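Chemist: What follows is a single structure, and I will ask about it in a moment.
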Amino acid sequence: MFEKSLYDLIRGLRNHKGNEKEYIQNCLKECRSEIRSPDMDLKATALLKLIYLEMNGHDMSWASFHVLEVMSSQKYHQKRVGYLGAVQSFRPDTDVLMMATNLLKKDLASSHPTTITLPIVALPHLVTPSLALSLLGDLLPRLTHSHASIKKKTVVTLYRLALVYPEALRAAWPKIKERLMDKDEDPSVTAAIVNVVCELGWRRPQDFLPLAPRLFELLVDGGNNWMAIKLIKLFATLTPLEPRLVRKLLPPLTNLVKTTPAMSLLYECINGIIQGGILGDGEDFSAREEVASLCVSKLRGMVSINSDPNLKYVALLAFNRIVTTHPMLVAEQEDVILECIDSEDISIRIKALDLVQGMVSSDNLLSIVSRLMRQLKASSSALAQQQDGQEDLDDSSEDGSGRRAKSQEQTAPLPDDYTIDVIGRILGMCSQNNYANVIDFDWYIDVLTQLVRIAPPPSPRDLDSDSSSSPKSVDISERIGNELRNVAVKVKAVRPAAVRAAELIISRLSTDTVSSRPVVTGALKPLAFVVGEYAFQLSSPDDTLRNMLGLVPRVDYPEVLATCLQSIPKLFAHVAGDDRALWTPERKSSLSLLMARVIHILEPFAQHPYLEVQERAVEFIELLRLTAEAASGQAPSTDEIQQDAPLLLTQAIPSLFTGWELNSVAPGAQYNVPIPSGLDLDEPIHPNLGSLLSQADSLMLPTQGDDEFEVYYNQRPAPTSIYSGPAIERLVDAPEEVGSSYQQAGEESYLDADIVARRKAERRERNKDDPFYIPDMSSSRTGTSTPIHNILQKENGPDLDIDAIPIMSLDLEKLSVSGPSRHQQSQHPRQARQKIVIEADETLGGSGGNSGVSTPGGAARPGYDSENNSDSFNLSKTAKKPKQKSLLQFNSSVLGGLSLTDEQRPDDGFAHERQQKEEAEMALAMKEVQRLRLEMQRANERIQVAQGVPSEGVAVVKKKKKKTKTVVKADEGEEGVVKKKKKKVEGGGGEGVVTKKKKKKAARVVKLDEGDGPDGEGMGGE
Amino acid sequence: MINAFLVFNGQGQPRLTKFYTQLETSIQQRLISEIFTLVSNRAPGSCNFLPLPPLLAASGTSSSSSSATEQNDVPSLVTYRHYATLYFIVISTSTESPLALIDLIQVYVEALDRLFENVCELDLIFNFETLHATLGEMIVGGVVIETNMERIVAGVRAQGAVAKRPVNEGSRGGGGAGLGAMAAAGFQGMGGNFVWHGR
């Protein structure tokens, strides 16, 4: 068979374009057999090929044993392949690693520097605590190896050992320190040590303070920029502990800032100066002032528009670090930072956003959010245009929603991830500190409405959503909806507006989307709550109920469905439960129809596999059936007899949902609820639950619903996407020709036309009673000249002769009463805007600050978050972080507990030394045992000598026989008589043989005494 | 610290993968493809830093992260450079200097150029062991140990001869655009901002 080399494999791959998969499978098959071959060359080649394929994503964990085999090869070039294989393919669960310990020890002690390097370089990838423990002793001597390259690699490997086994550092640190202090040490070794110390430094800066003089020396005359960068970073962590360092550092750093031609060093200097608190207050104020302005002006120069994008990025990074310690310095740069939000480079944008998020106040929130909204709007309309183009090309008339072409979204102007991120930040900025920065809630509601339209469709819930972090899977549109709900619940003044916004969104959802498609937007869940809970504030409850009924069958996610189902009876109760209206025949029939429809819609859900849905559906169906019965039994009122509507309809059902108002509850409140004394949650519900359940299972009848259950639990719903906007919106992209008002500059640029129009109408409505407000002339009906005319005309109708009314009799208060339906919607809006009451989350004692309300602009209350807003979202995410290790993350937290300074306690807690001591003791003990054994043996032999033959009779006889035989053979040809004679002679000579043997034995014992050979030899003689 | 060093070409095919923490092969591939999508959508003239790929962003740094010290362990920076047909990526924590990482990639490419004499993608494809060896002379366990070109090259050569690309593969199409020329031009191309003096 002709084997492929790596070269052949790669060429083959290049020649099999199109059917690589098959080719690779064949190669893998070949490798599998080749790697088992006894021929080391073949094995190593196969391994090299596997490593190459692993790089391309083909698992080779199955080959770990063979990796070990190649690692133990005698030839360097094969060994190297083996080590590479181990580095690339060993995972934490690779179990053959235990077998490698001796091999690693051996290679570490090799006489060839190149061979020593292999395990040193590989160890950081492989190391486990137990491996670290057993190899530490072999690694430490390598710190003083004659080759600088081995020294520096060993330093780093020891650091990585310490990450999993901190005690290693205690043993290694004195030696590493020695290397660092040695002025004649190879500079690259020193640099490597500085790198390691820098990594250690931020964990335990106090341990490295004693090194400061030496480090300072290196900084001043090191002449190595790479090292200088690390030293500055290290000093930035040291200066907070030792303020005297500041004065010492300031001159060389200032000097570097002024003279260095290397931009990276300059940047790190500035960064270090600011981060190390060197700008902090203290004596020598003028010098510091000078440095501060120097640094900030340099950073500002980096951020400003025309600079190198890399510098822009790193300057923003620096600002991001500075902002926690020196917010004022950063706030001064707001103008240039805000410019970066509109940068073309997404990396820069994101960094700028990180910064801006910490800088929002009630003054700049509006302008920042406007910037972001404009970006999103532009991106979404560009996306829509793209899809339109696609639509036109396809010439498909089946639906105009343009939701096709998932692939198109990849080339969208802004990636979905970024859009989601920005939306999340907008929500976060606005909801910060319980909406402390939002002044105009009407504006916020409009922004939210617009965001629901912009929000990208949720990604189909993918495989890892349940295995990994759950907060990740929170759908962004659901978060927007949550915000709207929070506003509705917490800000009573704008509740009507929020409810109407929810109403609008729901009606858009039901009318705009194609009825056959499932609704996937998560916003529906909180919105359904809002319209249900505050049904009395809806402008048209009947329409909303109808819309909800239309939407419910199309909802995919059971959690959303459950909330929607709950809101339907609430709406129904409001629509049907008017106890003052007459029970007319019309009402009776229309309500019967409505109930029949609701029941019809709900019925399929009675068998829903998700229990929450099923339960609610069953409850409401039963309730409505009862009510329908009652309604049909109640005769309608006629002209003669007044009949009341059935009480079930007017009293019972509404009473289910009214009563106490629901307030928002703080996330932690549940924990503060005391557990009732008699409650034991660990107590089983039924002592024999298991058997009950199994009984129930066996009793279960085969049902038709099986398939549905199967589908629900085992099959993934097909990924769907939704675009929630009317087609017309995407066709018409003409800029709105409306003059913008001064207070809301440029709002039209990011809000959809219809939202803007509604907003204008509302403003007009709100201000219609305000004689100081001059309405938009273009929209007023005729050429009346004054606002008062306008008001009069509106209120009294066009046919009224305004001149006939004396101006004196104008009563503004009456006017506001005259529109009762509107009155409800716009009660004292101006007043509300002055002092909007935002209710805080309710909680139970302990967590403090339970006064109930806060006003915008008032003192920010940290820790106050609404139930589901983005802050708490972030918090829960960070709270989880310590537990959940990030991908690729190093975990150096163990080092935090290790102190390097207390070296005067040699005895306790030092496993490595202890282990060495134990080993020494063990060796001593072994020697003792051996000595004793030898003594015993000798004593035994002495006895044997004294007793003579009997004790060894058997052996001797054997020997004798042998001897006779040989003798016989030798004397062949002689007569039998001689034979007999010989025998006799031998009888006497037996003694001699035995003594001979004894001598031999004695010699052997002597040998044993010299060296401590294996016991087998000593015992074997017996 | 440096969490990973990756090289892949314009089609997203990996040429070198080195992760300094152990990671499942499938997750490695996902990370590579996520970074590739990010990197291939960069506008010309953008900076050399990528936003965190979703895989890292999800589990790693959220903007309002807990303590600054905790963050030092989490990968927070993705630096890349584009040479001819190849992308070089470094994923690192915040303890590394971003601008220095850009230079680190440059040093790596220059070292390869020195070793292969006018290096191109084909050299790297057929000699990926040398790629690993060169990287091993510069970074061990996620810590930079050497930035001096002479020493790096000498270190690699000490391990054995560096093979040239096979002669009959010399069409030099596709990958043959001459990474080395790019590397040489790199210093000037970056506007001289990153020239290391006294290296």
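The values are calculated or read from the model by the stated rules, or taken from the named source; none is laboratory data. Worth saying up front: this structure is predicted, and the values here are computed from it rather than measured. A quick note on method: Cβ atoms are made from the backbone with ideal geometry, for glycine too, and the neighbour counts reach across all protein chains shown. Keep in mind that these areas ignore ligands, DNA and RNA; they rest on the heavy atoms of the full protein, side chains included. Shrake-Rupley method; radii C 1.70, N 1.55, O 1.52, S 1.80 Å.
Chemist: For the range A:369-375, in order, what is each residue's ³J(HN,Hα) by Karplus, 6.51 cos²θ - 1.76 cosθ + 1.60 with θ = phi - 60°, in whole Hz (x at glycine and Pro)?
Modeler: Those phi angles translate into 4, 4, 4, 5, 4, 4, 4 Hz.
Chemist: Checking buried surface per residue: for the range A:115-133, which residues lose a minimum of 30 Å² accessible area in the protein assembly relative to the chain alone (1.4 Å probe)?
Modeler: Buried on complex formation: A:V121, A:H125.
Chemist: To the nearest 10 square angstrom, what accessible area does A:R300 show with a 1.4 Å probe?
Modeler: A:R300 exposes around 80 Å² with every protein chain in place.
Chemist: Please name the residues of the range A:238-267 whose accessible area, counted over protein heavy atoms with a 1.4 angstrom probe, falls by no less than 30 Å² between the chain alone and the full protein assembly.
Modeler: Relative to the lone chain, where solvent access is computed with a 1.4 Å probe, the range A:238-267 loses at least 30 Å² at A:P261, A:M263, A:S264.
Chemist: Summed for both chains, how many Å² of accessible area, to the nearest 100, are buried between A and B with a 1.4 Å probe?
Modeler: Summed over both sides, the interface buries about 7800 Å².
Chemist: Work out the mean other chain Cβ neighbour count within 10 Å for the residues of B:34-42 and drop it here as an integer. Spell out each step's value before the answer.
Modeler: Values: counts 1, 0, 0, 3, 4, 0, 0, 4, 3.
That average works out to 2.
Chemist: Kindly identify residues of the range A:346-365 having a loss of at least 50 Å² in accessible area between the isolated chain and the assembly of all protein chains, probe radius 1.4 Å.
Modeler: Checking the loss per residue gives A:S347.
Chemist: Top to bottom by accessible area (1.4 Å), largest first, where do A:W202, A:W660 land?
Modeler: Listed by decreasing accessible area, they come as A:W660, A:W202.
Chemist: Another one. Suppose accessible area is computed on protein heavy atoms with a 1.4 Å probe; arrange A:S110, A:S567 from highest to lowest. The partial results should precede the final answer.
Modeler: Details: A:S110 25, A:S567 5 Å².
Ranking A:S110, A:S567 by accessible area, largest first, yields A:S110, A:S567.
Chemist: Got a sec? Charge dipole of the range A:166-258, +1 on Cβ for Lys and Arg, -1 for Asp and Glu; which of A:L211, A:V197, A:F235 is way out at the positive end?
Modeler: Towards the positive end, the residue furthest out is A:F235.
Chemist: While we're looking at this one, here's another question. Determine the order of A:Y610, A:Y52 by accessible area, beginning with the largest, at a probe radius of 1.4 Å.
Modeler: The ranking, largest first, comes out as A:Y610, A:Y52.
Chemist: Another one. Past the 21 Å Cα-Cα mark, which pairs from A:K377/A:K760; A:K152/A:K917; A:K151/A:K183; A:K49/A:K153; A:K43/B:K18?
Modeler: A:K152/A:K917; A:K49/A:K153; A:K43/B:K18
Chemist: Taking H as built 1.01 Å from N, whose amide H comes closer than 5 Å to the amide H of B:I139, not counting residues under 5 places away?
Modeler: B:I145
Chemist: Taking only protein heavy atoms into account and a 1.4 Å probe, give the accessible area per residue of the range A:40-196 in Å².
Modeler: Ligands and nucleic acids excluded, the figure is 33 Å² per residue.
Chemist: With a ≥ b ≥ c the root eigenvalues of the C-alpha gyration tensor of the range A:110-201, is it rounded (a/c under 1.5), prolate (a/b larger than b/c) or oblate? Don't skip to the end; give the middle numbers.
Modeler: On the way: a/c = 1.73, a/b = 1.16, b/c = 1.50.
Oblate.
Chemist: For Cα pairs less than 8 Å apart in space and 6+ apart in sequence, what is the mean separation divided by the residue count of the range A:110-201, i.e. the relative contact order in percent?
Modeler: 29 percent
Chemist: Considering only protein heavy atoms and a 1.4 Å probe, what is the carbon-and-sulfur percentage of the accessible area of the range A:110-201?
Modeler: The computed percentage sits at 55.
Chemist: Follow-up question, since we're still on this one. Kindly identify the range A:67-128 as rounded, prolate or oblate by the Cα gyration tensor criterion: order the square roots of the eigenvalues as a ≥ b ≥ c, call it rounded if a/c is under 1.5, otherwise compare a/b with b/c, prolate if a/b is larger, else oblate. Intermediate values should be presented prior to the final figure.
Modeler: Values: a/c = 1.67, a/b = 1.49, b/c = 1.12.
Judged from the Cα gyration tensor, the range A:67-128 comes out prolate (a/c at least 1.5, a/b above b/c).
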